[in-house]
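Peer 1: The structure's right below; bear with me while I get my questions together.
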Amino acid sequence: MAALSDQLLVFTILGYLIAMISHAASYAFDGGAVARVVRPARQLVSVGSAESTDAPTGSTPAGPARPRSTGRAAIAARVALVATMIATALHFGAVVTRGVAADRLPWGNMYEFVLSVTFVGAAGWLYLVFRWPAVRQLGLLLTLVMVVLLGIAGLVLYTSVVPLVPALNSYWFDIHVTTISFSSGILLLAFVPAAMYLMRAGYEDGKRSFPYVLARRSPSAATLERLTFGLNAFAFPIFTFAVIAGAVWAEAAWGRAWGWDPKETWAFISWVVYAGYLHARATPSVRRNVVAWISILGFLTMLMNLFGVNFFFTGLHSYAGVN
């Protein structure tokens with residue numbers, strides 16, 4: 001089962017890579033369908049009159065032509081969606097077979113944790129796509145994140161299946177790590193519309209350079225901002241519960257609920273940043289661009305807690321399985 005999980009991971013990464021390339025192809029094929037401003041007809045103004053006299057009867061003012069996807073762009077977009085669905089199914093298989101091989105929940109080390117968190121993010125994105133089809137334009141960024149994180153997991157974080165260390169043999173393992181994995185996956189997903197919001201907001205302000213042009217076909221900035229808020233607001237209480245559950249577990253296992261261990265410290269930092277995001281979002285005087293940057297900062301603190309703490313610090317949470 002462990003070997004099957006490893007093989008499924010390879011095909012999972014390949015599936016997300018195909019989806020990412022297909023999304024990029026969709027953008028490229030649609031490149032010629034940019035908005036073009038139709039030059040208005042010359043106006044002839046009669047002497048002593050402020051009214052135009054040459055506009056055709058019944059005509060409407062010319063304006064920016066709406067971009068329309070080409071046939072090739074639509075095909076590439078469909079291929080991207082199908083590839084993402086297949087990759088997510090393979091991803092699920094990799095997680096399940098890893099758990100069967102280990103005879104436990106498959107998040108006992110850093111490799112398994114990344115595998116599970118990214119699956120939650122991918123599955124959550126598919127749910128959003130089928131509920132609100134317009135968000136499929138976020139797939140390029142989503143699949144890029146999947147390829148990078150799973151590539152790091154497979155090449156750098158991989159470790160063979162081993163039993164849990166004694167300190168993790170507790171029912172709190174199921175509660176704490178499950179909720180932290182789920183909430184982390186949703187917060188990872190929230191990073192995608194937050195980053196795309198900044199690009200779309202710039203595009204709506206008239207910026208046409210890279211990377212703003214990538215947001216040409218994305219939902220409106222207001223829609224992306226609301227989606228970011230919804231995902232963060234949904235994940236934050238679960239993340240809060242996970243931190244509290246970890247403190248209760250620490251009290252039972254180590255005789256203290258909180259000791260400012262590096263993992264605990266960065267979890268607290270992430271919690272403060274996301275709490276700050278929700279507060280800023282509820283404050284009318286705070287610009288939405290600033291709010292989006294706070295959300296992205298929260299995601300970066302989560303990455304620091306996931307990778308930086310395990311590689312650069314030593315503490316009681318050193319269960320990464322990476323030397």
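Peer 1: What is the sum of charges, Lys and Arg at +1 and Asp and Glu at -1, for the other residues whose Cβ falls under 13 Å from the Cβ of residue 173?
Peer 2: Charge balance in the 13 Å sphere: -1.
Peer 1: Over the range 148-188, with every protein chain in place, what whole percent of the accessible area is carbon and sulfur at 1.4 Å, could you tell me?
Peer 2: Summing carbon and sulfur atoms, their accessible area is 73 percent of the total for the range 148-188.
Peer 1: Could I ask something else about it? Would you kindly state how much longer the chain becomes between residue 28 and residue 265 on full extension, computed as 0.36 nm times their sequence separation minus their alpha carbon distance, in nm to one decimal?
Peer 2: Residue separation times 0.36 nm, minus the Cα-Cα distance, leaves 81.0 nm.
Peer 1: Can you tell me how much longer the chain between residue 159 and residue 244 gets when fully stretched, taken as 0.36 nm per residue apart minus their C-alpha distance, in nm with one decimal?
Peer 2: My answer for the length gained is 27.7 nm.
Peer 1: Multiply the residue separation of residue 258 and residue 213 by 0.36 nm, subtract the distance between their alpha-carbon atoms, and state the gained length in nm to one decimal.
Peer 2: 11.6 nm
Peer 1: Here is a further query. Per the Kirkwood formula on distinct C-alpha pairs, the Rh of the range 96-239 is how many angstrom? Before the final figure, lay out each step's value.
Peer 2: On the way: mean 1/r = 0.0604 Å⁻¹.
Taking every pair of different Cα atoms in the range 96-239, averaging 1/r and inverting gives 16.6 Å.
Peer 1: On to the next question. Taking R0 as 30 Å, what's the FRET efficiency between residue 74 and residue 289 from their Cβ-Cβ distance, rounded to 0.05?
Peer 2: After rounding to 0.05, the efficiency reads 0.40.
Peer 1: Applying a 10 Å radius around every beta-carbon, put 21-30, 188-197 in order of their mean neighbour count, most first.
Peer 2: 188-197, 21-30
The values are calculated or read from the model by the stated rules, or taken from the named source; none is laboratory data. Here the structure is a predicted model, which means the values were calculated and not measured. FYI the Cβ positions are ideal-geometry reconstructions off the backbone, even for glycines, and counts take in every protein chain you see. Note: areas computed on protein heavy atoms with side chains; ligands, DNA, RNA excluded. Shrake-Rupley method; radii C 1.70, N 1.55, O 1.52, S 1.80 Å.
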